[in-house]
Each structure stands twice: as C-alpha cells, then as structure tokens.
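Enquirer: Dropping the structure in here first, questions after.
The numbers here are math on the coordinates, done by the rules we state, and not lab data. The structure presented is a predicted model; accordingly, all values stated were derived computationally and were not measured. Glycine gets a Cβ as well: all are built from the backbone with ideal geometry, and neighbour counts include every protein chain shown.
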Amino acid sequence: MLVASLNEIDPALVGDDGVVNHSRDQCSSILGGVPPEGLISSTKSRFETATFAPTDEQATEILDAIRSSGFCFTP
C-alpha cells in the first residue's frame, strides 16, 4: 500500500531502491516528535534523487502516505 501511494505522488519515487528505507527513517522522525517543518525538510532531503526533487506539497503527501499506510506505527 505504501509503495502504491508513493507511486501516485510521483512514479519516480518508487524507482528508487531505497524508498522503503527512506520511509522507515522518516517514520522514526514522525514517531520521534520532529516538528512539522522539520519533517517537511527531512522528507525532501531523504526522498530526493537525481531525477526527483520533492516540493513542499509532495513532501506533505509523502508524509501522509507514510502515516496512513499502516507502515508507521507504535506497537
């Protein structure tokens, strides 16, 4: 579900082999209480590739996908 959601944001996201690791790292930041502006910044940095540079809007969509996919949770 996470990869499908990221593909809807931009197919270039799922072309990156590290997309699941980036999502896992971003989940740690979410659960760690990083403020919203910090999450946007780190999402843009983590998910940037040679062919994709996320906008603030896309970073917000990526965060929403991570949160809503069931990928990021506390046991």
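Enquirer: Could you tell me how many of the residues in segment 29-53 are in contact (Cβ under 8 Å) with a residue 24 or more places away in the chain and not hydrophobic (A, V, I, L, M, F, W, C)?
Expert: So the count comes out to 3.
Enquirer: Restricting the search to segment 13-36, which residues are more than 19 Å from ALA50 (Cα to Cα) and small (Gly, Ala, Ser)?
Expert: Within segment 13-36, SER28, SER29, GLY32, GLY33 meet the criteria.
Enquirer: Additional query: Are any residues in segment 1-20 among the aliphatic types (A, V, I, L, M), surrounded by fewer than 15 Cβ atoms within 10 Å (Cβ to Cβ) and closer than 14 Å to ARG46 by Cβ, and if so, which ones?
Expert: Hit for segment 1-20 is VAL20, nothing else.
Enquirer: Something else about it: Please go through segment 13-28 and pick out each residue that is part of a helix (DSSP H, G or I) and either free of Cβ contacts under 8 Å to residues at least 24 places away in the same chain or within 16 Å of CYS72 (Cα to Cα) (or both).
Expert: Of all residues in segment 13-28, those part of a helix (DSSP H, G or I) come to 13-14, 19-28.
Passing the criteria: VAL14, VAL19, VAL20, ASN21, HIS22, SER23, ARG24, ASP25, GLN26, CYS27, SER28.
Enquirer: Go through segment 29-54 and give me each residue that's of a type outside the set (A, V, I, L, M), under 15 Å from CYS72 (Cα atoms) and surrounded by 13 or more Cβ atoms within 10 Å (Cβ to Cβ).
Expert: In the first step, residues of segment 29-54 are kept if they are of a type outside the set (A, V, I, L, M); the result is 29, 32-33, 35-38, 41-49, 51-52, 54.
If we keep only those that are under 15 Å from CYS72 (Cα atoms) too, we end up with 29, 32-33, 43.
Within segment 29-54, SER29, THR43 qualify.
Enquirer: Within segment 41-66, restricting attention to residues that are out of contact with any helix residue (DSSP H, G or I) (no Cβ under 7 Å at 6 or more places or on another chain) and not in a loop (DSSP other than H, G, I, E, B), which residue is nearest to CYS27 (Cα to Cα)?
Expert: ASP64
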